[in-house]
1. Solvent-accessible area per residue for the chain at a 1.4 Å probe radius, Å²?
2. In terms of modelled amide H atoms, which long-range or inter-chain residues lie less than 5 Å from the amide H of residue 37?
3. In sequence order, what are the phi-derived ³J(HN,Hα) couplings for region 82-87 according to the Karplus relation 6.51 cos²θ - 1.76 cosθ + 1.60 with θ = phi - 60°, rounded to whole Hz, with x for glycine and proline?
4. Name the residue, out of 208, 37, 74, whose mean-square fluctuation peaks in a Gaussian network model built on the chain with Cα pairs under 10 Å.
5. Go ahead and estimate [θ] at 222 nm for the chain from helices alone: -39,500 (n - 2.57) per DSSP H run with n ≥ 4, summed, over the residue count, rounded to 500.
6. Check which residues have an amide H placed less than 5 Å from residue 18's amide H, if you skip close sequence neighbours.
7. Using r as the Cβ-Cβ distance of residue 161 and residue 38, and R0 as 35 Å, what FRET efficiency do you calculate, to the nearest 0.05?
8. With both bridge residues required to lie in region 1-158, what share of the DSSP beta bridges run antiparallel, to the nearest 5%?
Amino acid sequence: MVTPHIAAQPDDFAATVLMPGDPLRARYVAEHHLEDARLVTEVRGILGYTGTFSGQRVSVMASGMGIPSISIYATELYREYGVQNIIRIGTCGGLAPDLSLRDVVVGVGASTDSNTNRMRLMGFDLAATASYEIVRAIDDSARESGTSVVMGGIFSSDLFYLPDETIMDRLAAAGILAVEMEAAGLYGIALTEKRRAAAMMTVTDNLATGERMSSEDRQTSLDSMIDLALRTAVKLGD
Ligand code: HPA
């Protein structure tokens, strides 16, 4: 079976797909965290792999950047490849003053400036929430390994370069922890496709202080988040 944007066979994906934005990060997860990983799709350079972790099949595929891009891949994975769970593993800009670089944020709910969820609900607002089952599995995995995660509301922005940065102060005042660019769209798709999704993101920059991590630093600090996502995938089963 080949869908417009994924060239894989029907059984090529595991029940859970980890989804970084960057295709090279998908390759990194496959090469450094999975066993027997096999490339299952590479249309437009969006690399997807399936391998095993702790003896269970798990997949990792890139989403590209932004809600329009993740919407295409998530829809095809849920509808055509039988995927049950998508766990976004990304990066975010921290807004909350007490968040530090390298902290892992789990987006329990995602506010957004994107119109895609309104399109799904013919103009009404959809409460874009992560799946309780995945959030619970993340929480259990984090407690077992002593990994700290910060759970709460995030903001999924269509623009990385905003015309007016004062919106960030409003978001921070509303208790939003961090900004990224995909979760609200992913959650809307999971809810309407009746599948599960959650997003966890490492804080790579702090929008209040302007502090930011180097790209090498990003790679290494992502390892503990990747491990947390993989242990969560094992709890969710195949
Ligand atoms: N904005 C949006 N997405 C991001 C950011 C940001 O500042 N940092 C990492 N992902």
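1. About 46 Å² of surface per residue is accessible.
2. For residue 37, the qualifying residues are 52.
3. x, 5, 9, 10, 10, 10
4. It is 208.
5. The helix-only estimate for the chain comes to -11000 deg cm²/dmol at 222 nm.
6. Residues meeting the criterion, in which the H sits 1.01 Å from N, are 59, 60, 61, 87.
7. The pair residue 161/residue 38 has a calculated efficiency of 0.40.
8. The answer is about 45 percent antiparallel.
The values are calculated or read from the model by the stated rules, or taken from the named source; none is laboratory data. Here the structure is a predicted model, which means the values were calculated and not measured. Here Cβ is always computed from backbone atoms with ideal geometry, including for glycine, and neighbour counts include all displayed protein chains. Just so you know, the surface numbers come from the protein's heavy atoms only, side chains and all, with ligands and any DNA or RNA stripped out. Shrake-Rupley method; radii C 1.70, N 1.55, O 1.52, S 1.80 Å.
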